[in-house]
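Here is the structure we will look at.
The values are calculated or read from the model by the stated rules, or taken from the named source; none is laboratory data. Source: prediction; values computed, not measured. Every residue, glycine among them, receives a Cβ derived from its backbone with ideal geometry; neighbour counts consider all protein chains shown. Side chains are part of the model used for accessible areas, which takes the heavy atoms of the whole protein and leaves out ligands, DNA and RNA. Shrake-Rupley method; radii C 1.70, N 1.55, O 1.52, S 1.80 Å.
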Amino acid sequence: MQDSAGKFVEISIAVVPGAGACTVVSKEIAFDDHSWTVHCYPRGAPGEPGAGGYLSIHLVNHTNVRNAKVLFQAIVLCRATDMAGAGVAPPRDNYHASSVFEYPAEGSRRFPWPRVVGVRDLHDRYAVGGYATVVCGLAVLRHNPIPAPPSTYAADLAGLLEARKKFGEPDAAFAVGGRTFDVVRSVLAARSSVLKAELDSAAGDMPTTPAAMPTIRPEHGFSAATFCALLLYVYCDRLPRGAEVGCAVTTELVGELLAAAEWYALGRLKLLCARRLWDGLCVANVSRTLRYAVKCRCPELRSACIDFLTVGHNLKEAFPTEDFGWLMKNSPEVYEEIKRRFEAKNGGGGALAAAGRDDNAVVCTTTSSSGQSSLSG
C-alpha cells in the first residue's frame, strides 16, 4: 500500500543567446521529513554528454528519507504564438517530462535529467522576455513495509451475535487512569480473549443491586487516553483521529496503544499502530520507535526501523539519544543486528567506525516511575 505527498515549484531561467549561463537553484521543496531542490543548468551540467547545447535539470535530495519512490515531473512552458509574444500557449505545445526514481539510490542524492531541451529551442520557442519558465512537480510515493491484515470486524460481529444468544448483554465498567469507561461485555468479549478473561474474572464480584455494574481494574497501568483509543478500535475498528480520545495522537500515544494491543492480543491493532509509527518515522524518533517495537514484540516494525538506521547518516544522528542507549543496554542483540546490517549495506567492518560509532560512548540514563505504562523503564 502506498500514498503520496507532493508540491510544485516554478523556476525562471535567463536565456541569452551566445552567452554563458549560471545554474539556477529552486527554493526548497519540503514536506514531512523530505527536503529537495531543483537545479537547472541552461547549458548542461559539467561533465554531461552534450553539455553546452541542452538544458539539464537535476533533482537534489538534502535529507535521509526512508525508502520511497519519487515521481518527478517537469514542464517547460512554451511561448504563445500571438504577435505580442505573450499569453498562454496550448498545453500540448509545452515540453513535458516525467520519471520515477527509487530513493535512496545507492551512493547518490542527485537525480540528473540531461538533454531536456536544446538551447536554440529554449530561446526560440520557450523564452519570453529573455526568460524561460520551468514548472517542476515532486511527489513522494511512500511505501509502507508493514502489512495491514484484513479486518476481522465482521467475523467478530458474528461471534457477538452468538454471544447475545447465549449470554444476553450484561453491562460492565473499566476503571483506568482515573476514569471509568462503561462497556458492553459481549462486544469486548467478542473482540479480545484477554478482555473476555478480565470480564470473566469480575463475574464473581457481580453487584447485588440491578442498577450497579461490575467494575474491572486492569493491572496494566495504561493511561486513560490509551484505553479510550483501545475501546475505539474495539467498537469502530480504527485508530483515533484528532483529539477524540482526549489528547492529540502523538508518537507516544500510538506507542502505548501498540503496547495495549500486545497486552490484549489484538494482532491487527498492533500492525495498524506499527504502520502509523512507520508513517511518522524520522531520525528524531527512530530510536524510541525501535524501543517500542522491541518491548511490544513487533518484528515488522523492528526490522523497518533497523533498515531506516542503515540509510545515510541516520545511525550517526540517532546514536547519542537516550532511547538508543536503552537499546544498547537492554537489547544488545538488537544493536548487534543494527551493526550487521549497517556494515553489510555500507561496506565492511570499518563502516561503523567511519560513521563515528563508539560502543562505550553511550551511558543509559533511562528511569522509571510508578504509575507509568508497561513501556517505561
Anisotropy class of segment 228-305 from Cα gyration tensor, a/c 1.5 cut: oblate
Highest-first arrangement of 175-185, 227-237, where packing means the average Cβ count within 10 Å: 227-237, 175-185
Residue-by-residue Karplus 3J(HN,Hα) for segment 237-248, coefficients 6.51, -1.76, 1.60, Hz, glycine and proline x: 6, 8, 7, x, 10, x, 10, 6, 9, x, 7, 5
Whole-Å semi-axes of segment 282-352's equivalent ellipsoid (Cα gyration tensor): 18, 13, 12
For peptides 127-135, 297-305, sequence by mean Cβ density within 10 Å, most packed first: 297-305, 127-135
Sequence-distant lysines (8 or more away, or on other chains) whose Cα lies within less than 22 Å of LYS295: LYS270, LYS329, LYS339
Exposure ranking of VAL100, VAL286 by accessible area [1.4 Å probe, largest first]: VAL100, VAL286
Placed amide H near TRP113: partners under 5 Å, 5+ positions off or other chain: ILE57, HIS58, LEU59
Exposure ranking of SER192, SER98 by accessible area [1.4 Å probe, largest first]: SER98, SER192
